[in-house]
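Below you'll find the structure, written out as structure tokens, and then a few comments.
Read-outs throughout are calculated quantities, based only on the coordinates presented, and are distinct from any laboratory measurement. Keep in mind the model is a prediction, meaning the values are calculated, not measured. Glycine also receives a Cβ, built like all others from the backbone with ideal geometry; neighbour counts cover every protein chain displayed.
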Amino acid sequence: MAYSRLNQKADIAAVRKLHRDGILNDAAFFAAIRVLRPASMWAAWADRMLLFFGSALLLSGIIFFFAYNWAAMGRFLKFALIESGIVACVIASYACGIRRIVGKVFLLSASVLVGVLLAVYGQTYQTGADAFELFLCWAVLIFGWAAVSDFAALWFVWLVIANTGIILYWYQVGGPYYGFGYESLCLLIAALNGFFVFISHFGSTELAEVSLLTSKPRWFRAALLAATLVALSLPTIDLMIDSYHVEGITILGAFAWALTAGGAYFCYRRKLPDMVPLAIIVTDACVILLVFIGKILLWDGDFYTSLHILFFALIVLGVTSAAAFRLRKTARDMAAETKGTES
Amino acid sequence: MKQILLWATLLLVLVSVNLSIIKKEKTLAAGRTMLLELAPVDPRSLIQGDYMILRYRIAENIPKEQLRDKGCIVVSPDANNVAKFVKIHSGEKLQDGEYLLFYRNRGGIRLGAESFCFQEGDAQLYLQAKYGELRTDETGTSVLVGLRGKDFEALGRRKK
């Protein structure tokens, strides 16, 4: 079937576009809006918000209750309470159906409670030495639920746990005992988050069968892309400002940064047009550029005066406004291109 | 498939955590009490509750270069059960009155419980701590059960 505005799915955005282009008059537009967004819409929205806030507050309450480490409460009672909570959440999730949002939130709650259980285990038997074990075990144990939930919030929690575990491992073991540099940590963190950005793009294609994540909100992808770029920016900045102790892996990190930032910019500009990742990439590149300029201007000189700092402030203004103008132009260009392919 | 994974994960969580609990309980039940002298302690607080960083005197006089990735040290408890360092274990048979204590090498020796968690607000109960009280089994596995003062009195609230 040839592309036409008439065989598109009718949603708010499509109707708004028709109205903007003058195809629908005001009366038709408001009538269409009333059909697409019935008066009960706000109730559904409030319902969902209350579900999220309610579960978040309830879980925080449970976490802080056990963090208090109440000595008068026996350890077996604590374990039994938390384990029954986990079982109840999984049963509730099954009963509500894991395709529905309520079922997903129950599964998220069960996953958080596993962390509480591991924390209480650590408190009880004083296993405090290697905190990374708690986070890595937690990530391994709840992986199955994250995979079946197909729920971005649960995947996000999983990634926060996995990232924390990796960072703690490096801090407690990898760094002090094996002598891994921070660059290997940055590369690993970037690989993990970058991999999830990558697979989150296969949600609606033929690869959906193998993808673990078919729902893919923009905030999820944006947060992970930002994490990837920040992790790779650290060795890049290090390479620029501390060129005396350059090692191969630092250069590798900077190379990976250039490759990732450049590749992602190309993808989000040409293949999967999206302004949010583009803005993140440009902001990150601005930071790197400003560090570079600042290093030449302030660091390399024998001394610097308030005049240098004023000059640098002007450069910061210049670079950031140039980036903003550039992004606005890109946004206009992309809007025009989408229009061009439609008509 | 999704249903199987849902329940299999629940099973994995319950089985693995409860097996670890049973293992710790076995060490607690069958273990021998051993006291380790503490280097000065320092109470602090984090979001998971109050805890105290512990450093053991015994860890200070162990030659670092002979440590492996992980292994055991040989200790001998005195009349008060305070453990004294004998040597790093390398598979030989133990003499009478010698026991094993498991360690990990983290750029320095770690005897397992480098922090002690207690009920929020109870820090002053543990300020006088002089010894860490461990239960150890014959393989050297240990669980820290509490802190003791200079006269070997148990500190803080104890719950069976």
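Before moving on, here are some points about what is shown:
- Averaged over the residues of peptide A:111-120, the number of Cβ atoms from other protein chains lying within 10 Å of each residue's Cβ is 2.
- Classification of the range B:1-100 by its C-alpha gyration tensor yields a prolate form. The axis ratio a/c (a ≥ b ≥ c) is 1.5 or more, and a/b outweighs b/c.
- Under 15 Å, Cβ to Cβ, from A:GLY294 - net charge with Lys/Arg +1 and Asp/Glu -1: -2
- Going from the residue with the fewest nearby Cβ atoms within 10 Å to the one with the most, B:LYS87, A:LYS271, A:LYS17, A:LYS104 rank A:LYS271, B:LYS87, A:LYS17, A:LYS104.
- Given charges at Cβ of Lys, Arg, Asp, Glu: the protein assembly as shown dipole, positive-most of A:GLY175, A:ALA322, A:ALA335: A:ALA335
- Between B:SER142, B:SER90, B:SER115, the GNM of chain B built on Cα springs shorter than 10 angstrom shows B:SER90 fluctuating the most.
- Label-zone membership for the range A:107-141, site A:TRP70, 7 angstrom Cα→C-beta point, backbone N under 17 Å: A:116-117, A:120-121, A:123-124
- 10 Å Cβ neighbours from other chains, averaged over peptide B:110-121: 5
- Test item: Cα-centred dipole of chain B, Lys/Arg +1 and Asp/Glu -1 on Cβ, debye: 380 debye
- Nearest-0.05 FRET efficiency for A:TYR265 and A:HIS201, computed from C-beta distance (R0 25 Å): 0.95
- Taking a ≥ b ≥ c as the square roots of the eigenvalues of the Cα gyration tensor, chain A is classed as oblate, since a/c reaches at least 1.5 and a/b does not exceed b/c.
- Between A:SER55, A:SER306, A:SER149, the residue with the greatest mean-square fluctuation in the GNM of chain A (Cα pairs under 10 Å linked by springs) is A:SER306.
- Kyte-Doolittle mean at least 1.0 and Cα axial length at least 18 Å: DSSP H helices in chain A: A:41-67, A:75-96, A:101-124, A:131-149, A:152-169, A:182-199, A:218-241, A:248-266, A:275-294
- Extending 7 Å from Cα along the Cβ direction at A:PHE29 and again at B:LEU94 yields two label points whose distance is 8.3 nm.
- Computed over the alpha-carbon atoms, the range B:32-148 gives an Rg to Rh ratio of 0.98, Rh here being the Kirkwood radius from the mean inverse distance.
- Here each label is just a point 7 Å from Cα along the line to Cβ, and for B:VAL86 and A:VAL140 those points are 3.3 nm apart.
- Annotation: extensible slack from B:LEU28 through B:LEU125 equals 32.6 nm (criterion: 0.36 nm per residue apart, minus Cα-Cα distance).
- Most mobile of A:GLU247, A:GLU183, A:GLU133 in a GNM of chain A (Cα contacts under 10 Å): A:GLU247
- Looking at the protein assembly as shown, the DSSP beta bridges with both ends there are about 95 percent antiparallel.
- Simple point charges give the picture: +1 on the Cβ of Lys and Arg, -1 on the Cβ of Asp and Glu, and for the protein assembly as shown a dipole about the Cα centre of about 1440 debye.
- With a threshold of 26 Å on the Cα-Cα distance, the over-threshold entries among A:LYS104/A:LYS271; A:LYS17/A:LYS271; B:LYS26/B:LYS64 are A:LYS104/A:LYS271; B:LYS26/B:LYS64.
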